[in-house]
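The values are calculated or read from the model by the stated rules, or taken from the named source; none is laboratory data. What you see is a predicted model; the values in this text were computed from it and never measured. Here the Cβ positions follow ideal geometry from the backbone for every residue, glycine too, while neighbour counts run over all protein chains shown.
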Amino acid sequence: MTDKALEISSPVGLVAGGGAMPFAVADSLVARGVHPVLFPLRGACDPARVERFRHHWISVGQYGRAISLFRAENCRDLVFIGTLVRPALSEIRLDWGTLRIIPRVLKAFRGGDDHLLSGIGGILERDGFRMVGIKDVAPDLLMPEGCLTRAMPDENASADIARGREVLRALSPYDIGQAVVVIDGHVVGVEDIEGTDGLLARVARLRAEGRIRAKAGRGALVKAPKSGQDLRFDLPTMGPRTVEGAAAAQLAGIAIAAGNTIVAEPQAVIERADASGIFVTGLPA
């Protein structure tokens with residue numbers, strides 16, 4: 001636990017999207033004696049799993065309702081966590097609180113996901129809340145440095161990892177994605193709106209079609225935050241499905257930024273990677 005994590009005020013409000021991560025963060029907070037309050041997003045968060053925690057459902061666009069609930073629950077510190085399909089402006093259910101800040105909301109929408117989340121976070125901070133990240137509230141969920149698996153990157157894989165990091169740094173200003181697949185020095189796929197699962201499925205399909213001729217067990221998935229990204233928002237995430245996707249794409253392994261990537265179900269990640277013979281390693285900053 002970091003010193004900064006000790007400064008987190010209880011209760012912590014979790015604005016929860018889809019996937020397992022909102023609940024992993026909530027469990028991490030409970031284990032440290034910090035009380036979580038979930039604000040699950042309708043249509044994204046799993047209703048069955050929400051019931052274990054104190055919660056209030058909100059919809060995207062209900063800014064006025066959300067800040068009233070945050071204040072009623074005394075949640076000064078807020079976390080955005082979980083997956084969410086970026087809504088079109090026409091799909092947002094506006095309330096009076098949102099209409100009050102609509103020019104700032106429109107400005108936040110004019111950019112990539114990192115720009116959007118940072119923009120919404122900035123709006124909340126102007127209203128007296130503090131946006132915090134996983135590094136602050138649940139550092140135990142972050143990828144450590146070094147290899148977690150029996151398999152380790154060889155010389156070829158290490159070269160592919162280095163190329164992948166260069167590509168991600170070059171793409172950072174465009175706010176495109178946080179992952180790339182490199183095989184024998186060739187960039188064969190970059191993460192886009194499909195996410196990492198879609199990227200890996202695409203690589204597997206290209207192999208099946210014979211458009212990737214490299215031998216099975218070559219290449220790496222490389223994941224890292226964008227350069228200059230606000231690390232409170234949208235950190236790269238991996239879990240057992242990522243391992244399954246990398247195995248199906250016949251890669252040698254996965255390399256992710258240590259300290260800045262969330263690992264869901266780490267024991268399952270290690271077990272599935274070892275069973276598939278692929279490596280999972282945490283890259284130093």
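Here are the numbers for this structure:
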quantity: Residue identified as free of Cβ contacts under 8 Å to residues at least 60 places away in the same chain and surrounded by fewer than 16 Cβ atoms within 10 Å (Cβ to Cβ) among Arg42, Arg65; calculated: Arg42
quantity: Residues being out of contact with any Lys or Arg (no Cβ under 9 Å at 6 or more places or on another chain), crowded, with 20+ Cβ neighbours inside 10 Å and either assigned to a strand (DSSP E or B) or aliphatic (A, V, I, L, M) (or both) - total across the range 221-263; calculated: 6
quantity: Residue under evaluation Arg213, criteria (1) touching a residue at least 12 places away in the same chain (Cβ under 8 Å); (2) not in a strand (DSSP E or B), criterion not met; calculated: (1)
quantity: Top-ranked residue of the range 156-207 - restricted to ones that are in contact with a strand residue (DSSP E or B) (Cβ under 9 Å, 6 or more places away or on another chain) and in a loop (DSSP other than H, G, I, E, B), ranked as surrounded by the fewest Cβ atoms within 10 Å (Cβ to Cβ); calculated: Ile176
quantity: Subset of the range 155-174 [closer than 16 Å to Asn260 by Cβ and of a type in the set (Asp, Glu)]; calculated: none
quantity: Filtered residue count, the range 238-257, keeping only those that are among the β-branched types (Val, Ile, Thr) and touching a residue at least 40 places away in the same chain (Cβ under 8 Å); calculated: 2
quantity: Residue in the range 117-176 that is farthest from Gly219 (Cα to Cα), counting only those that are among the hydroxyl-bearing types (Ser, Thr, Tyr) and modelled with pLDDT of 95 or more; calculated: Thr149
quantity: Among the candidates Asp175, Asp140, Asp136, residue that is closer than 30 Å to Phe70 by Cβ and touching a His at 6+ places or on another chain (Cβ under 9 Å); calculated: Asp175
